[in-house]
Amino acid sequence: MGLALAIAAGIVIVLLEFILWTLFRRKIVGLEFPREVDASVFHFFSGRRMRTLALIHTIILLVTVPFFIALLW
Amino acid sequence: MVTDSSLLGPITFQGKYPEEKFQFYFHQHWIRLLWPLTRTLLLTLLLIGISFVLLSGPLLQEPAARHTTILFLAVIFLFVQFEFLEKFYNYFLYLVIVTDRRIHRIKKTLLVTDDQQSMDLWVLQDINKSQHGLIQCGLGFGTLILEAQETMLRIHFIPRVGQKYQELMHLREKARKQLGATSEPPPPSS
């Protein structure tokens, strides 16, 4: 039962991350500009880096939450 | 958000007229994300502490109570994480774009908001800068209040607000000179 719930939690995490990322990509279309005209404080976040951060966030959640559920069930 | 390629060709965005020349754009100051990040970290630590106390001790020996607690803690943890992720994405969906003729404030959220407000620079009667408190003055961010005849646009958490204030004043004068130099009136703002 614990393992099944851990797997279900993993699926929910992946789905939610995918949905949020897709919504973000759809909304940011046309709002990405070259670094040269960026007058913000940080110019670190590009589309590629945001995607990498989203993947890292997904992996961290996939490692922690299902592991927590399966281990402590 | 920046693109991965460097400046190549004209920059365009929704609501831009062909004759407008892109000057610069910016997001809000990073301090907008500081409280959501701090809150997420504190809640995560709190949840870890509660999990440790409840699940390692003798309090929850009954399997049903234990399972319910584990599920409840997991759901709360995920809610906290995804709430911050949503705020993080929303930060990049709020930006101000300045061209040689207009200032555009674009405010979107992931689901329910998609606003764009544009104001001609040449009609701006007053451009006021506001910085209050140690944090705003120390970190260099503040509010710009742009007033036209019947409209006021307040833009908060502007990074390097002093510099933006000077640049907008300069662009307004340039826009007015350009307007005086051309025979036909500029197109109306949307």
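The values are calculated or read from the model by the stated rules, or taken from the named source; none is laboratory data. Values in this document were obtained by computation on a predicted structure and should not be read as measured data. When we count neighbours, we look across all protein chains shown, and the Cβ atoms used for this are built from the backbone with ideal geometry, even at glycine. Protein only, heavy atoms only, side chains kept; ligands, DNA and RNA dropped before computing areas. Shrake-Rupley method; radii C 1.70, N 1.55, O 1.52, S 1.80 Å.
So what is the accessible area of segment B:91-190 per residue, in Å², with the probe set to 1.4 Å?
Numbers: 5350 Å² over 100 residues.
Here the residues of segment B:91-190 average 53 Å² of exposed surface.
Using r as the Cβ-Cβ distance of B:Leu153 and A:Arg26, and R0 as 30 Å, what FRET efficiency do you calculate, to the nearest 0.05?
Values: r = 26 Å, r/R0 = 0.88.
It comes out at approximately 0.70.
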Review point. What are the ³J(HN,Hα) values, in whole Hz, obtained from phi via the Karplus relation 6.51 cos²θ - 1.76 cosθ + 1.60 with θ = phi - 60°, for each residue of segment B:112-120 in sequence order, with x given for Gly and Pro?
Key: 9, 10, 8, 10, 9, 10, 10, 9, 5
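Calculate for chain B the 222 nm mean residue ellipticity that helices alone would give, adding -39,500 (n - 2.57) per DSSP H run of length 4 or more and normalising by residue count, nearest 500 deg cm²/dmol.
Values: 4 runs with 81 residues, N = 190.
The helix-only estimate for chain B comes to -14500 deg cm²/dmol at 222 nm.
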**Study point:** A:Val37 paired with B:Arg66, simple spin-label distance in nm, labels 7 Å along Cα-to-beta-carbon
**Key:** 6.0 nm
Exercise for review: Tabulate in residue order the Karplus-calculated ³J(HN,Hα) for segment A:46-62, using 6.51 cos²θ - 1.76 cosθ + 1.60 with θ = phi - 60°, rounded to whole Hz; enter x for Gly and Pro.
Suggested key: 9, x, 5, 5, 5, 4, 4, 5, 4, 5, 4, 4, 4, 5, 4, 5, 5
Exercise for review: Ignore the peptide's own chain and count Cβ atoms of other chains within 10 Å of each Cβ in A:58-65; give me the average, rounded.
Suggested key: 2
Point to revise | Candidates B:Phe157, B:Phe79, B:Phe26, ranked by Gaussian network fluctuation over chain B, Cα under 10 Å, top entry | key: B:Phe79
Exercise for review: Would you mind checking the tilt of helix B:63-92 against the longest principal axis of the Cα atoms of chain B, expressed as 0 to 90 degrees and rounded to 10?
Suggested key: 10 degrees
Point to revise | By average C-beta atoms within 10 angstrom, highest first, the peptides B:166-175, B:33-42 | key: B:166-175, B:33-42
**Study point:** Principal-axis tilt of helix B:34-56 within chain B, Cα atoms, nearest 10 degrees
**Key:** 10 degrees
**Study point:** Amide H within-cut-off set for B:Tyr94, under 5 Å, with H built and near neighbours excluded
**Key:** B:Lys108
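Could you work out, residue by residue across A:23-32, how many beta carbons of other chains sit within 10 Å of that residue's beta carbon, and then give the average as an integer?
On the way: counts 6, 10, 1, 1, 10, 6, 2, 6, 12, 8.
That works out to 6 on average.
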Review point. Hey, which aspartates and glutamates would be in cross-link range of A:Lys27, C-alpha to C-alpha under 13 Å, not counting anything within fewer than 8 residues on its own chain?
Key: B:Glu86, B:Asp114, B:Asp115
**Study point:** Helical contribution to [θ] at 222 nm, DSSP H n ≥ 4, -39,500 (n - 2.57), averaged over chain A, rounded to 500
**Key:** -26000 deg cm²/dmol
Review point. Which far-off residues, 5 or more places away or on another chain, put their amide H under 5 Å from the one on B:Arg102, with H placed in the peptide plane?
Key: B:Leu121
